[in-house]
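A short worksheet on the structure shown next.
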Amino acid sequence: MTNLAVASCGSPAGAPPLVIGWCHRMEITATRDQVSRALTRLNQQLIGLGLDPDALIRMELVLAEALNNIVEHAYCDAGHGNIALEASVHSNTFWCHLTDSGRPMPGGKLPPARRYDLGALDVQDLPEGGFGWGLIHDLTSSLTYDRSGAQNRLALTIDLDC
Amino acid sequence: MDITCETQGPVCIMRVISDRIDAAIAIQFKDLFRDMVACVTGPVVLDLGQVTFLDSSGLGAVVAARKLLGADRTLELAGLNPAVEKVMQLTRMNTVFLIHPDRDAALAAHGVAPAA
């Protein structure tokens, strides 16, 4: 298992070689509290790399949306199930793979970004949800999803210097 | 998390005492806000100066708070940190809420002089 952990922490196929040399792998239980704590821990590590503050914001936001989507939709807020997160920073790109064993995405594909015409809405009709995939699409430079056996795999990259 | 409430002239300033409003505490925020707002009248300013992270669930809770006040009252925001401002911009919610740089600016907008 040690070898697997080391291998999964190396350069993904096609990625440029590690420049900053940071990688991280964690497994969390799929609950909102665990996601919140994991993001705080991860953010502390990323701050230590001296990355641009705006890049840190974009990374935390994308991961929060993607992880909470798994908690709420793949695992239906059941309070159990695992999420594996593998993240690394290569030169100017943040790479992240999320794997879970919950329900597949609707229709087996990535949900589109939902956009609202807020100016046309009355106060009582303002949306209280549905922003997550819009934020993920807006803030990632690549985003792929595949279902492999009983697993969902989401791979994303975020440009660190834009 | 907690919310403190302070009345200044016509305005009620509600300050969120938490570093985050995220999926883990969005419901708690909404419930607490509902309880507190039942005791005040007039415009409410939500001071987010301590909040350094807001996700879409947290944003949904802030929108729910806005709706709780109804169309004849306002919910204004103050003290947005960069991460919070980013979410507001990306979702265009910055066009829905009146946003003040900080608590004192919000009070000044309502004709309340800042404390000396």
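Every number in this text was worked out from the coordinates using simple rules, so none of it is lab data. All of these numbers come straight from a predicted model, not from anything done at the bench. Neighbour counts run over all protein chains shown; Cβ positions are idealised from the backbone, glycine included.
What you get for region B:20-76, charging only the Cβ of Lys and Arg (+1) and of Asp and Glu (-1), is a dipole of about 120 debye around the Cα centre. Based on Cα contacts under 8 Å between residues 6+ apart, region B:70-116 shows a relative contact order of 40 percent.
Look at the alpha carbon pairs under 8 Å that are at least 6 residues apart: their mean separation over the length of region A:66-162 gives a relative contact order of 31 percent.
Against the main long axis of the alpha-carbon atoms of chain B, helix B:56-68 sits at an angle near 40°.
The ellipsoid equivalent to the alpha-carbon distribution of region A:107-162 has semi-axes of 28, 17, 7 angstrom, derived from the gyration tensor eigenvalues as √(5λ) and listed largest first. Binning all Cα-Cα separations of the protein assembly as shown at 5 Å, short to long from zero, yields these whole-percent fractions: 1, 5, 12, 15, 17, 15, 12, 9, 6, 4, 2, 1, 0, 0.
Among the helices of chain A, those built from whole DSSP H runs whose Cα atoms reach 15 Å or more along their own axis and whose mean Kyte-Doolittle hydropathy is at least 0.0 are A:53-69. Shown in residue order for region B:2-16 are the 3J(HN,Hα) couplings computed by the Karplus curve 6.51 cos²θ - 1.76 cosθ + 1.60 at θ = phi - 60°: 8, 10, 9, 10, 9, 9, 10, x, x, 9, 10, 9, 10, 9, 7 Hz (x for Gly and Pro). Summing +1 for each Lys or Arg and -1 for each Asp or Glu among the other residues whose beta-carbon sits under 11 angstrom from that of A:Arg153 gives -2.
Compute and list, largest first, the equivalent-ellipsoid semi-axes of region B:1-79 from the alpha carbon gyration tensor, each √(5λ) rounded to a whole angstrom.
19, 13, 11
Fewest to most neighbouring Cβ within 10 Å: what's the order for B:Thr52, B:Thr4?
On the way: B:Thr52 17, B:Thr4 11.
By the 10 Å Cβ count, ascending, the order reads B:Thr4, B:Thr52.
Report relative contact order for chain A in percent, whole number only (criteria: Cα-Cα under 8 Å, sequence separation at least 6). Across chain A, relative contact order equals 26 percent. Here the calculated FRET efficiency for A:Ala120 and B:Ala109, from their Cβ-Cβ distance with R0 = 35 Å, stands at 0.85, rounded to the nearest 0.05.
Distance between the pseudo-spin-label points of B:Thr41 and A:Ser141 (7 Å out from Cα toward the beta carbon): 5.6 nm.
Region B:71-96 and region A:75-137 have their alpha-carbon centroids 21 Å apart. Whole-percent P(r), chain A, all Cα pairs, 10 Å bins from 0: 10, 37, 37, 14, 3, 0.
Which order do A:Ser101, B:Ser56, A:Ser36 fall in if you start with the one that has the fewest other Cβ atoms within 10 Å?
A:Ser101, A:Ser36, B:Ser56
The charge dipole of chain B, taken about its Cα centre with unit charges on the Cβ of Lys, Arg, Asp and Glu (plus for the first two, minus for the last two), comes to roughly 300 debye.
The amide H of A:Trp22, built 1.01 Å from its N in the peptide plane, has A:Val89 as neighbours under 5 Å, considering only residues 5 or more places off or on other chains.
Note on B:Lys67: lysines with a C-alpha under 26 Å away, same-chain residues under 8 apart excluded, are B:Lys30, B:Lys86.
Residues in region B:31-47 carry Karplus couplings, in order, of 5, 5, 4, 4, 4, 6, 6, 5, 9, 10, 10, x, x, 10, 10, 8, 8 Hz; the curve used is 6.51 cos²θ - 1.76 cosθ + 1.60 with θ = phi - 60°, and Gly or Pro positions show x. Each other residue within a Cβ distance under 14 Å of A:Ser91 adds +1 if Lys or Arg and -1 if Asp or Glu, for a net charge of -3.
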